[in-house]
Amino acid sequence: MVWYVPGTEAASRLQELPDDLERCPVSELTLPTGPPLPGVLLVDLPGDEASARALAVAQRDGLPVVALVDDGGADAICDQPCYAYLNPSVPGVTLATVLRQACVHAHVMLDALEMRMQLEELNAIGIGLSAERDLDALLELILTKGREITRSDAGSLYVVETTPEGERCLRFKLAQNDSVHVEFKESTLPISADSVAGYVALAGEILMIDDVYALPADSPFRFNTGFDEKVGYRTTSMLVVPMKTPGGETIGVLQLINCKRIPTQAEVLPFPERYRNLAASLASQAGVAIQNARLFQELGAALQEVEASQKQLVQAERLSALGEMAAGVAHDFNNLLAVVVGRAEILIAKGQDPSVARDIEIIRTAAWDGANTVRRIQEFTRTRRVRTASQVEIPALLRDVVELTKGRWKDEAQSRGISYDVVVEGGTDSPVAGISAELREVFMNLLINGLDAMPGGGQFVFRISDDASTVIVAAEDTGSGMSEETRRRVLEPFFTTKGARGTGLGLAVSWGIVKRHGGTIEIESTVGMGSIFTIRLPISSGDSAPDVAETTVRQIRSGRILVIDDEPEVRCVLRDMLTPCGHTVIEADSGETGLALLEREAVDVILTDISMPGMSGWDVAAACQRQFPQTPLGFVTGWGDRLDEQETTRAGVRF
């Protein structure tokens, strides 16, 4: 390209030049600025005002200048450094040779300038990639900077992923195009020769293609024209680079399309050969950055799991500690209530004045209410099932829960002008091993609490799903939600937000039941938006037995009964309840005393407490199994909820 100022002597000399030197008139307004086009400016020196302006712009932008200097222009040479100075009468062949050399020099200088700028850009890109930890933002940055540094009109980016079946494929993650609008949607394609990107991922080699529509017949890969046809684009040149980890594993493909010297021009050029190393360097940095971003994400996810596990562990330990404390209180209360209820039963059985009988009945009712509270505490603290588990179909159980509570969330609510939408969604074919009555109590507690959280109405959903090992039930309401402090404490016994209306045992008992079933409870809540209680229960292994019916208590003949208990009030109550039935009661205040009595006289039944100073009830059972195996022995204890049926059977405990 030879630029000239019209109307000058230099312009007239261009008429003699061969046709391979393209000519282009220029003024100060049309001379290219910014990244120069390879070419040379031919001017007179000294020249007119237009030539002087063109010369200044050319020197500013690094465009080589060949000056025609007459005999009187020697002084101007010192002021205007140029590529060459020629006499205006120089032969045309010489002028053409010098201009060609100047054009070559322009190309070299332009390439050197571009290389320097690209290396600076590459260094800046590397710094940017190493600092980015968000994977999606990183992929966007890689494609954007890759296109900028290679002067590409369009581009796309793919990452390698593994399908659930274990096969590797490419996921189409990004597409950019400066010429046409592209409606992008993620998709996958196989790693194969059916596409350019698939072939590069398969071969792990860089591809440079001058025209994808002119591939040779023996090309090992194919170009899919469907994208061009869909968006009305014409892909020509391509530079496709695999992005690899330091270990050499291909984790993605960067596809750069249609190299353009000037973005606004339509002309598409082949990618220069030196862009191969440039793109390879970028792809190498990109591969490391992608791997680091993935590791960062995995580390973040693992850290969240550890934090969640730690929180659950702390919560479980905290609840267990509360449970142990509550269990001790429950045991002591059981002993006290046994005395109260026993004495009330004895007084009522003896017959009393109606007014006295009514007072005794009130005492007995209050004692039974206390016993019921103790039972719920024991439900929270109990770690073993006291009944054999059966296979429970969770969808059917949840439908029962919804039906059983319909009077609360439908009939009663409608009478107050409130509307609730309670539904069961999803399903599973996998049963869980459990006790249906206990699990029904759990989900009924969740539903009632959800309704309480929506005093003005709302929606409550039981959402059922499963995975390889668990059945998952998410109980979700659209209620008032909980603060973080409330969410953290909501499973604690006696913690309630309902004031006098609540006992603070419903969710604590539910937690105990779920834990006993080998499950977990996770709680998510946002104030003003509602709560989600997620219950996970292990899928049944298939060896669970059906629920066992309660054993019927049989009448036995009158006999001699040894009662061993360190609490005199309990012994006294048992004596006074058994004696009217015709039994003879022998009392012992310790295990040692009881065994000594058995050495001296025979009895028909032995009743013993478990928790006693000195010999425990287990020690007594073991001694009786050795010395008096024919005498039935039973436990009378406040710890009955914690007894394992197999363990008691092995110890010779009959009931």
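Could you grab the pairs with beta carbons closer than 9 Å, sequence gap of 6+ or different chains, first residue in segment 243-268 and in a loop (DSSP other than H, G, I, E, B) and modelled with pLDDT of 85 or more, second one crowded, with 24+ Cβ neighbours inside 10 Å and among the hydroxyl-bearing types (S, T, Y)?
Pairs found: K260/S152.
Return yes when A201 is out of contact with any helix residue (DSSP H, G or I) (no Cβ under 6 Å at 6 or more places or on another chain), of a type in the set (A, V, I, L, M) and at pLDDT below 90 and no when it is not.
So A201 does not fit the description; no.
Has segment 114-125 got any residue that is out of contact with any strand residue (DSSP E or B) (no Cβ under 6 Å at 6 or more places or on another chain), surrounded by 15 or more Cβ atoms within 10 Å (Cβ to Cβ), assigned to a helix (DSSP H, G or I) and modelled with pLDDT of 90 or more?
Kept after step one, since they are out of contact with any strand residue (DSSP E or B) (no Cβ under 6 Å at 6 or more places or on another chain), are these residues of segment 114-125: 114-125.
Checking the rest, the ones that are also surrounded by 15 or more Cβ atoms within 10 Å (Cβ to Cβ) come to 114, 118, 121-122, 125.
With assigned to a helix (DSSP H, G or I) added as a condition, the list becomes 114, 118, 121-122, 125.
Narrowing further to those that are modelled with pLDDT of 90 or more: none.
Checked segment 114-125: no residue is out of contact with any strand residue (DSSP E or B) (no Cβ under 6 Å at 6 or more places or on another chain), surrounded by 15 or more Cβ atoms within 10 Å (Cβ to Cβ), assigned to a helix (DSSP H, G or I) and modelled with pLDDT of 90 or more.
Being in contact (Cβ under 8 Å) with a residue 40 or more places away in the chain and in the same structural domain as N258 (by TED's automatic domain parsing) is the requirement here; does Y233 meet it?
Yes: the conditions hold for Y233.
Going through segment 602-642 one residue at a time, which ones are farther than 20 Å from D566 by Cα and aliphatic (A, V, I, L, M)?
Once the filter is applied, which keeps residues that are farther than 20 Å from D566 by Cα and aliphatic (A, V, I, L, M), segment 602-642 yields only A602.
Tell me which residues, restricted to segment 196-220, are without any contact (Cβ under 8 Å) to a residue 60 or more places away in the chain, touching a strand residue (DSSP E or B) at 6+ places or on another chain (Cβ under 6 Å) and either among the hydroxyl-bearing types (S, T, Y) or part of a loop (DSSP other than H, G, I, E, B) (or both).
The answer is G204, and nothing else.
In the list G634, G582, which residue meets the criterion of being modelled with pLDDT of 90 or more and either at positive phi or touching a Phe, Trp or Tyr at 6+ places or on another chain (Cβ under 6 Å) (or both)? I'd like the intermediate steps shown before the answer.
Values: G582 fails: modelled with pLDDT of 90 or more.
Answer to the check: G634.
Could you tell me which residue of segment 48-64 is farthest from the chain's Cα centre (by Cα), considering only residues that are charged (D, E, K, R) and within 18 Å of P6 (Cα to Cα)?
D48
Being over 39 Å from the mean Cα position of the chain (by Cα) and closer than 25 Å to V182 by Cα is true for just one of D218, D228, D211. Which residue is that?
None of the other options fit; the residue is D211.
Answer yes or no: is there a residue in segment 290-312 that is modelled with pLDDT of 80 or more, surrounded by 15 or more Cβ atoms within 10 Å (Cβ to Cβ), of a type in the set (A, V, I, L, M, F, W, C) and part of a helix (DSSP H, G or I).
Yes, there is a match, as at least one residue in segment 290-312 is modelled with pLDDT of 80 or more, surrounded by 15 or more Cβ atoms within 10 Å (Cβ to Cβ), of a type in the set (A, V, I, L, M, F, W, C) and part of a helix (DSSP H, G or I).
Modelled with pLDDT under 85, buried (at least 19 other Cβ atoms within 10 Å of the Cβ), within 30 Å of G300 (Cα to Cα) and touching a Leu at 6+ places or on another chain (Cβ under 9 Å) - does that describe any residue in segment 58-66?
no
Report yes if some residue within segment 411-419 is touching a helix residue (DSSP H, G or I) at 6+ places or on another chain (Cβ under 6 Å) and either in contact (Cβ under 8 Å) with a residue 40 or more places away in the chain or surrounded by fewer than 18 Cβ atoms within 10 Å (Cβ to Cβ) (or both); otherwise report no.
Among the residues of segment 411-419, not one is touching a helix residue (DSSP H, G or I) at 6+ places or on another chain (Cβ under 6 Å) and either in contact (Cβ under 8 Å) with a residue 40 or more places away in the chain or surrounded by fewer than 18 Cβ atoms within 10 Å (Cβ to Cβ) (or both), which makes the answer no.
Check V253, V231 and return the single one that is surrounded by 15 or more Cβ atoms within 10 Å (Cβ to Cβ), of a type outside the set (G, A, S) and closer than 30 Å to N292 by Cβ.
From the options V253, V231, the qualifying one is V253.
Check L404 against each of (1) under 24 Å from G481 (Cα atoms); (2) aliphatic (A, V, I, L, M); (3) surrounded by fewer than 21 Cβ atoms within 10 Å (Cβ to Cβ) and name the one condition it does not meet.
Tallying (1) under 24 Å from G481 (Cα atoms); (2) aliphatic (A, V, I, L, M); (3) surrounded by fewer than 21 Cβ atoms within 10 Å (Cβ to Cβ), L404 fails exactly one: (1).
Sort out which residues of segment 465-487 are under 17 Å from R399 (Cβ atoms) and surrounded by fewer than 18 Cβ atoms within 10 Å (Cβ to Cβ), and write them in order of number.
Within segment 465-487, just S465 meets the criteria.
Within segment 204-242, track down each residue that is closer than 24 Å to K185 by Cα, at pLDDT 90 or above and of a type in the set (V, I, T).
Passing the criteria: V212, T235, T236, V240, V241.
Can you tell me how many residues within segment 624-634 are surrounded by 17 or more Cβ atoms within 10 Å (Cβ to Cβ) and closer than 11 Å to A651 by Cα?
So the count comes out to 2.
The values are calculated or read from the model by the stated rules, or taken from the named source; none is laboratory data. Quick caveat: nothing in here was measured; it's all calculated off a predicted structure. Here Cβ is always computed from backbone atoms with ideal geometry, including for glycine, and neighbour counts include all displayed protein chains.
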